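Just passing along the structure, written as structure tokens.
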């Protein structure tokens, strides 16, 4: 970006903030615009890509206290005027503007000395300094996209991490090694296996004052022997004895926090029915899930003599019921 760009571009307008906006407001506006115009969200959109670069240019200047002050000073002094050779009857001349900036008069008739700007030419010969040369020296060597030569947006980087199920469900903070530096990443509660978390500005740093790229973290979650995650809900399968399911019972069920909760199994509950316990799932930023308890009726592998007789008596007492009647009817349709 050249010195002339500083005069022609309204960085405040690009970010949609007032000229007296504080750093937090500027940063918030930049993040919102950069997110919507990011090339990842607008593949192949040349307009969005150009807008993304323009947003980055504006933020690079306005987020730097020194550059912002210089930008404001230059824009205020220029007043929107075009730069000409200093002729009469029109816009302000180059010498007039910079004479006022550095304490000189507005011209020979203004009562003060005129200021001449020159730089050594080839072989030591003096030559008039160009507009870009002067602004380059004044503002730290302009010419780059973000206020410095060779400025370049930082690129996105990728990383992976593996979490135990409990940490993934409740949220965790992990340390990641990224290109020789340590990045602290906050993993939100309820993250799923294979889910990607984007950390803004944690990728490779930009050059010449340009914003850094993002860090995309792929999270792998190790399975739990009892619990599984279903959105914000936790699922668990609980063994229930035949008599408990047939007659009804209250059973204790483990929870993810290490405690237990008492769950009522209604009389006549079949195997595979799911019972819901409110508020015992995963707590995320948006909601708290439930604990979904699936009943699994356990059939004894071995029976004592008394138990066998009791089961046989039950079979005789219920022999008039055909438990497969619905299956047969459905198979004929």
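Restricting attention to segment 220-235, which residues are touching a residue at least 12 places away in the same chain (Cβ under 8 Å), touching a strand residue (DSSP E or B) at 6+ places or on another chain (Cβ under 6 Å) and in a strand (DSSP E or B)?
220, 221, 233, 234, 235
Report yes if residue 255 is closer than 24 Å to residue 30 by Cβ and surrounded by fewer than 17 Cβ atoms within 10 Å (Cβ to Cβ), otherwise no.
When the stated conditions are applied, residue 255 does not pass them.
Go through segment 34-47 and report how many residues are assigned to a helix (DSSP H, G or I) and over 19 Å from the mean Cα position of the chain (by Cα).
Filtering segment 34-47 for residues assigned to a helix (DSSP H, G or I) gives 34-37, 46-47.
With over 19 Å from the mean Cα position of the chain (by Cα) added as a condition, the list becomes 46-47.
Looking only at that region, the number is 2.
Suppose we filter segment 189-205 for residues that are crowded, with 17+ Cβ neighbours inside 10 Å, out of contact with any helix residue (DSSP H, G or I) (no Cβ under 8 Å at 6 or more places or on another chain) and part of a loop (DSSP other than H, G, I, E, B); how many remain?
Total meeting the criteria: 3.
Could you run through segment 236-278 and say how many residues are touching a strand residue (DSSP E or B) at 6+ places or on another chain (Cβ under 7 Å) and touching a residue at least 12 places away in the same chain (Cβ under 8 Å)?
The initial filter retains those residues of segment 236-278 that are touching a strand residue (DSSP E or B) at 6+ places or on another chain (Cβ under 7 Å), namely 236-242, 244-245, 248-256, 260-265, 269, 271-277.
Of the ones still in play, those that are also touching a residue at least 12 places away in the same chain (Cβ under 8 Å) are 236-242, 244-245, 248-251, 253-256, 261-265, 269, 271-277.
Of the residues in segment 236-278, 30 are touching a strand residue (DSSP E or B) at 6+ places or on another chain (Cβ under 7 Å) and touching a residue at least 12 places away in the same chain (Cβ under 8 Å).
If a residue must be within 24 Å of the chain's Cα centre (by Cα) and closer than 19 Å to residue 259 by Cβ, how many such residues does segment 215-234 contain?
3
Give the residues of segment 275-305 that are touching a helix residue (DSSP H, G or I) at 6+ places or on another chain (Cβ under 8 Å), within 21 Å of residue 245 (Cβ to Cβ) and surrounded by 12 or more Cβ atoms within 10 Å (Cβ to Cβ), sorted by residue number.
295, 297, 298, 303
Computed from the coordinates by the stated procedures, all read-outs in this text should not be read as laboratory data. Note that the structure is predicted; figures quoted are calculated from it, not measured. Please note: Cβ atoms are built from the backbone with ideal geometry, for glycine as well, and neighbour counts cover all protein chains shown.
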